[in-house]
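Novice: The structure's right below; bear with me while I get my questions together.
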Amino acid sequence: MKQKESVYQLMIHLVFIIISAMSLLPFVLLVTSSITDENEIIRRGYSFLPEKISFAAYDYLFHDLSTILRAYGISISVTVIGTLTSVLIISMLAYPLSRRDLPYRKLFSFYVFFTMLFNGGLVSTYYLYTQVFDLKNTIFALIIPYLLLNGFYVLLARTFFMTSIPVAIIESSYMDGAGEFRIFWQIVMPLSLPILATVGLFQIIHYWNDWFNSLIFITDSKLFSLQYMLNKILLDIQFLSTADLGGNQGEMLAALPKEGVRMAMAVIGVVPILITYPFFQKFFVKGLTVGAVKG
């Protein structure tokens, strides 16, 4: 019996090892393609084992290292500040909505749900943030519009609070003389690490991958985010590769590592997320599943 169980466990482990290896293959291909010579990519296509290694794509991206580093700094600052602020605001809104003694709780919950279905549109949003709040060309323009508060995450956190925070703990805290603020910070928040980490990871990904706010609200190149900067570089290289200049300039433009740059951009953009994910992974599944049991 024990031998059968060990064989079964071995098979399960092998299956998951194979699945994990298959999941890593696209990333390995991405990295190898980013260091493959452009002519080899054109001639043979993408390969796990390139015959000729070239770092021309990275040389092209980092030819102005200070610009890339500044964009990295902007993206990291926006991601950290935006995620922490977003998680705080979402939890402070979701917790009252989870309390059954809150007046008009259903009305407020419907208002949050309504924001998931409709928005004011791009023109009105742009006018509001640039003319009313005067956020154009400020770091806040990369943090607040579209990203700071998400109705879905509010409802997800509300459901977690309702299903995972025992009412008896809150009532006993009242009896011990604790106020609402102390209950929220010292009892509810420590018990809510799974959902906070889950929402935080989602927000990290959203903030890190965002380039739209830079496109709409930022014209100062010193405030460009990394994703917008990389997207701008890609558009520039696509334009230059199609330009018909002739002579030496035409030959230089034809030699630009177009495909390699695409892969190198993906590598540069995804590495910070790969570094961040392991710190949230142990909370991620629990927070997402427990928080979605019922609405």
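Novice: Roughly what angle does helix 226-242 make with the longest principal axis of the chain, taking Cα atoms, 0 to 90 degrees, to the nearest 10?
Specialist: Once rounded, one gets 30 degrees.
Novice: Quick one: accessible surface of F140, probe radius 1.4 Å, all protein chains present, in square angstrom to the nearest 10.
Specialist: Approximately 110 Å² for this residue.
Novice: Let me have the 222 nm mean residue ellipticity of the chain computed from DSSP H runs of 4+ only, each contributing -39500 (n - 2.57), with the sum over all residues rounded to the nearest 500. It would help to have the intermediate numbers written out before the result.
Specialist: Numbers: 14 runs with 207 residues, N = 295.
Calculated mean residue ellipticity at 222 nm is -23000 deg cm²/dmol.
Novice: For E180, what accessible area in Å² do you get when you roll a 1.4 Å probe over the heavy atoms of the protein chains, rounding to the nearest 10?
Specialist: 90 Å²
Novice: Once you keep just the Cα pairs under 8 angstrom separated by 6 or more residues, what percentage relative contact order results for the chain?
Specialist: Working: 290 pairs, mean separation 86.4, N = 295.
Contact order relative to length: 29 percent.
Novice: Something else about it: Using every pair of alpha-carbon atoms in region 1-87, split the distances into 5 Å bins beginning at 0 and state the percent of pairs per bin, rounded to integers.
Specialist: 3, 11, 11, 10, 10, 12, 13, 10, 8, 6, 4, 2, 0
Novice: Using 1/(1 + (r/R0)^6) with R0 = 22 angstrom and r between the beta carbons of F133 and L234, what's the FRET efficiency to the nearest 0.05? Before the final figure, lay out each step's value.
Specialist: Numbers: r = 31 Å, r/R0 = 1.40.
My answer for the efficiency is 0.10.
Novice: If you place +1 on the Cβ of every Lys and Arg, -1 on the Cβ of every Asp and Glu, and leave all else neutral, what size is the dipole of the chain about its Cα centre, to the nearest 20 Debye?
Specialist: Values: 20 positive and 18 negative charges, 229 e Å.
For this selection, approximately 1100 debye.
Novice: Gaussian network model of the chain, Cα springs within a sub-10 Å range: biggest mean-square fluctuation belongs to which of T159, T219, T79?
Specialist: T219
Novice: When ligands, DNA and RNA are left out and all protein chains stay put, how many square angstrom of accessible area per residue does the chain have with a 1.4 Å probe?
Specialist: Working: 17790 Å² over 295 residues.
It amounts to 60 Å² per residue over the chain.
Novice: On a 1.4 Å probe surface of the protein chains, which of R43, R99, R70 comes out largest in accessible area, and what is the full order? Mind dumping the intermediate values first?
Specialist: Working: R43 160, R99 30, R70 95 Å².
So, going from the largest accessible area down, we get R43, R70, R99.
Novice: Now, a different point. Want the number for V270 to N209: 0.36 nm per residue separation, take away the alpha-carbon distance, what's left? Before the final figure, lay out the partial values.
Specialist: On the way: separation 61, 0.36 × 61 = 21.96 nm, distance 0.90 nm.
So the extension gain works out to 21.1 nm.
Novice: Tally Lys/Arg at +1 and Asp/Glu at -1 over every other residue whose Cβ is under 14 Å from the Cβ of L235; what's the total? Working shown, then result.
Specialist: Values: positive: K232, K258, R262; negative: D236.
Overall, the nearby charge balance is +2.
Novice: Excluding same-chain residues fewer than 8 positions from K258, which aspartates and glutamates have a Cα within less than 18 Å of its Cα?
Specialist: Of all the aspartates and glutamates, those that pass the test against K258 - Cα under 18 Å, at least 8 places apart if same chain - are D37, E38, E40, D59, D64, D236, D244.
Novice: If I fit a long axis through the Cα atoms of helix 65-98 and take the longest principal axis of the Cα atoms of the chain, what angle between them do I get, 0 to 90°, rounded to 10?
Specialist: 20 degrees
Novice: Say each of L117 and F27 gets a label point 7 Å from the Cα, pointing the same way as Cα to Cβ; how far apart are those two points in nm?
Specialist: Rounded to a tenth, the inter-label distance reads 4.0 nm.
Novice: Tell me the accessible surface of Y126 in square angstrom (1.4 angstrom probe, heavy atoms of protein chains only), to the nearest ten.
Specialist: Its heavy atoms expose roughly 80 Å² to the probe.
Novice: Right, another one. Put M11, M162 in order of accessible area, largest first, 1.4 Å probe: what do you get? Don't skip to the answer; put the middle values down first.
Specialist: On the way: M11 110, M162 45 Å².
The residues order as M11, M162, largest area first.
Novice: Let me ask something else about it. Taking the alpha-carbon centroid of each part, what is the distance from region 42-61 to region 74-142 in angstrom?
Specialist: After rounding, the separation between the Cα centres reads 43 Å.
Novice: Under a 1.4 angstrom probe, counting protein chains only, how are R100, R182, R262, R158 ranked by accessible area, largest first? It would help to have the intermediate numbers written out before the result.
Specialist: Numbers: R100 165, R182 140, R262 100, R158 30 Å².
Descending accessible area places them as R100, R182, R262, R158.
Novice: What is the Rg over Rh value, at two decimals, for the chain, using alpha-carbon atoms and the Kirkwood definition of Rh?
Specialist: Here Rg/Rh amounts to 1.08.
Novice: I've got another one for you. Stokes-Einstein at 10 °C, 1.306 mPa s, Kirkwood radius from Cα pairs: D for region 19-153 in µm² s⁻¹? Walk me through the numbers before you get to the answer.
Specialist: Values: Rh = 19.7 Å.
Translational D for this selection: 81 µm²/s.
Novice: What angle, in degrees between 0 and 90 and rounded to the nearest 10, separates the Cα long axis of helix 193-209 from the longest principal axis of the Cα atoms of the chain?
Specialist: 30 degrees
The values are calculated or read from the model by the stated rules, or taken from the named source; none is laboratory data. Computed from a predicted model, the values in this text were never measured in an experiment. Here Cβ is always computed from backbone atoms with ideal geometry, including for glycine, and neighbour counts include all displayed protein chains. Just so you know, the surface numbers come from the protein's heavy atoms only, side chains and all, with ligands and any DNA or RNA stripped out. Shrake-Rupley method; radii C 1.70, N 1.55, O 1.52, S 1.80 Å.
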